[in-house]
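Structure, as structure tokens:
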């Protein structure tokens, strides 16, 4: 009969207390597991989106704003730039693909993005974010392909028509382009990418809508707006060319180039990095409290078990064996907490996965034993063992004659 | 086998245990008899190394155990002694069989492969072969003491120290347990030192040592 068996028997003998301590450890471990998994996936996805295009070119301003507005459809654009610049860039020898982006209107809070048909065929990595769920791609002005979230939230279906409002936010006072209704010809599959929130059409549609409304209002020639775009998304022959190409654009043209992945990584570290640290800190705090509960649970158990320890000593158990048996109890509780916590974390991620895939197409992967998780679990185990030292020391100091005499 | 010579141990302010001389031969079965508080349990604790004397000599098989280190005493108890307590002192989380095996596991005198067969044999001899998987809490007090006796003897000790082994038992059960203990000690050729305040129990052993007056209280 090993010390492991003896320690296990004592834990089993006080099942409820042991179970509660294990659950408290498991809660901390599950939080850490879920946070680390979500962090890794969020970062991976964010960076994947950022890697889709090597360079974004737009009007001069804040490069992060340019990236957020054109790649993630999140911020206001920095302004417009001449279409000629796009055409020049497209002809550059290092450019393998270039797509214009024209924005200015929205429908139901979702921005209308004018571009070229070939963007719909663009894919990166293993992802095809423009895959159709139904219908076809736009082929003529004012034909629209809507993202999955747009279709879900606005109720737009194949063949429906809608009109855009000026501006990128949902505002009751915004100007409505009544004369230029769009027809839904396609609905994109949910991809978990920003495209779920986009309404895509031919660039000419955006130009036409603005030629009409603003040309008259400002008394300008209609084609003036038609020759401007919001930004250009560019794929280079190699990611190694990013810095050189970016510097070249910034030096030689009236536009600004930004590398999406660089901007996003900066943002991630500044903003989400802090959030991640806070969540991890909470996870470790829960584990520290759990370690305290291991300590208290074992300490109380040792006090109640003084007589048993004295009996073992009388039977010939050495002080080292008694110390070891209590440390092993702490090990069992920590290990069970980690295993249960892993399952809880995996369940949370699975539940989040089914919810987020349905809602926003964000796939949460199963909890995997990454190096970070192994390090976190090891830290939890170490904390548990440290928590066992005080009760083990108490047991080590058993006064056999006195404890046997005390009834 | 067991010898105490001018052994002194302070028990508290003004309370001192003193045994001028005691001797128990190997294989003897002796009652340490006396009223409550007379020092008989202290004497047993000194003999078993659970208490250390302030002065004097405790000799067992010729070895002066008051000179032995703490870890040496652990080994000494494990190798040579078996304990039977008034409150049985079985370990609640373990089955009857495991309780008996534990005695051998900690002592590490008997080879591991013999633990189980030897435990089974001892439990058979005390009439508990049918309760191997029972936990102590489910046994009667008489059965518990029989398990304790089996545990004490399983390790093949030279000396059994029994502290009021019938103190928690009704007279009929006490009688049965005493009969069993004496028979087994005789069969195994084990020295038995049995503490009791009950003259009737003491009279069942061939020898009696009167412990009256071992504890002295200083008068102020």
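The values are calculated or read from the model by the stated rules, or taken from the named source; none is laboratory data. Predicted model, so just to flag it, every value in this text is computed and none were measured. Positions of Cβ are generated from backbone atoms using ideal geometry, with glycine treated the same way; all protein chains shown enter the neighbour counts.
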Unmet requirement for residue B:116, which otherwise passes all of (1) closer than 27 Å to residue B:75 by Cα; (2) more than 14 Å from every other protein chain (Cβ to nearest Cβ); (3) surrounded by fewer than 23 Cβ atoms within 10 Å (Cβ to Cβ)
(2)
Would a scan of the range B:25-48 turn up a residue that is free of Cβ contacts under 8 Å to residues at least 24 places away in the same chain and either within 30 Å of residue B:132 (Cβ to Cβ) or within 14 Å of chain A (Cβ to nearest Cβ) (or both)?
yes
Residues being over 17 Å from the mean Cα position of the chain (by Cα), crowded, with 18+ Cβ neighbours inside 10 Å and modelled with pLDDT under 85 - total across the range A:325-372
0
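Each row is one residue, and each column tells you yes or no for (1) at positive phi; (2) at pLDDT 85 or above; (3) not assigned by TED's automatic domain parsing to the domain that holds residue A:195.
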| position | (1), (2), (3) |
| --- | --- |
| A:36 | no, no, yes |
| A:84 | no, yes, no |
| A:87 | no, yes, no |
| A:91 | no, yes, no |
| A:117 | no, yes, no |
| A:124 | no, no, no |
The range B:164-220: strands (runs of 3 or more DSSP E) wholly inside it with 3 or more residues that are at pLDDT 85 or above are B:191-196, B:207-210
Please work out if residue B:35 is out of contact with any strand residue (DSSP E or B) (no Cβ under 8 Å at 6 or more places or on another chain) and in a loop (DSSP other than H, G, I, E, B).
yes
Looking at the range B:30-56 only, could you name the residues that are surrounded by fewer than 19 Cβ atoms within 10 Å (Cβ to Cβ) and under 16 Å from residue B:86 (Cα atoms)?
B:35, B:36, B:37
Of the residues B:100, B:96, which single one is away from chain A (no Cβ under 11 Å), surrounded by 23 or more Cβ atoms within 10 Å (Cβ to Cβ), without any contact (Cβ under 8 Å) to a residue 60 or more places away in the chain and in contact with a helix residue (DSSP H, G or I) (Cβ under 9 Å, 6 or more places away or on another chain)?
B:96
Considering residues of the range B:66-84 that are surrounded by 21 or more Cβ atoms within 10 Å (Cβ to Cβ) and touching a helix residue (DSSP H, G or I) at 6+ places or on another chain (Cβ under 8 Å) only, the residue farthest from the other protein chains (Cβ to nearest Cβ):
B:84
Within the bounds of the range A:146-160, is there any residue that is at pLDDT 85 or above, over 31 Å from the mean Cα position of the chain (by Cα) and more than 30 Å from residue A:353 (Cβ to Cβ)?
yes
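Please tell me if residue A:317 is modelled with pLDDT of 80 or more, farther than 21 Å from residue A:9 by Cβ, touching a helix residue (DSSP H, G or I) at 6+ places or on another chain (Cβ under 8 Å) and buried (at least 21 other Cβ atoms within 10 Å of the Cβ).
Details: modelled with pLDDT of 80 or more: yes; farther than 21 Å from residue A:9 by Cβ: no; touching a helix residue (DSSP H, G or I) at 6+ places or on another chain (Cβ under 8 Å): yes; buried (at least 21 other Cβ atoms within 10 Å of the Cβ): yes.
No, not satisfied.
Looking at this structure, is residue A:39 surrounded by fewer than 17 Cβ atoms within 10 Å (Cβ to Cβ), more than 14 Å from chain B (Cβ to nearest Cβ) and part of a helix (DSSP H, G or I)?
On the way: surrounded by fewer than 17 Cβ atoms within 10 Å (Cβ to Cβ): no; more than 14 Å from chain B (Cβ to nearest Cβ): yes; part of a helix (DSSP H, G or I): yes.
Judged against the criteria, residue A:39 is not a match.
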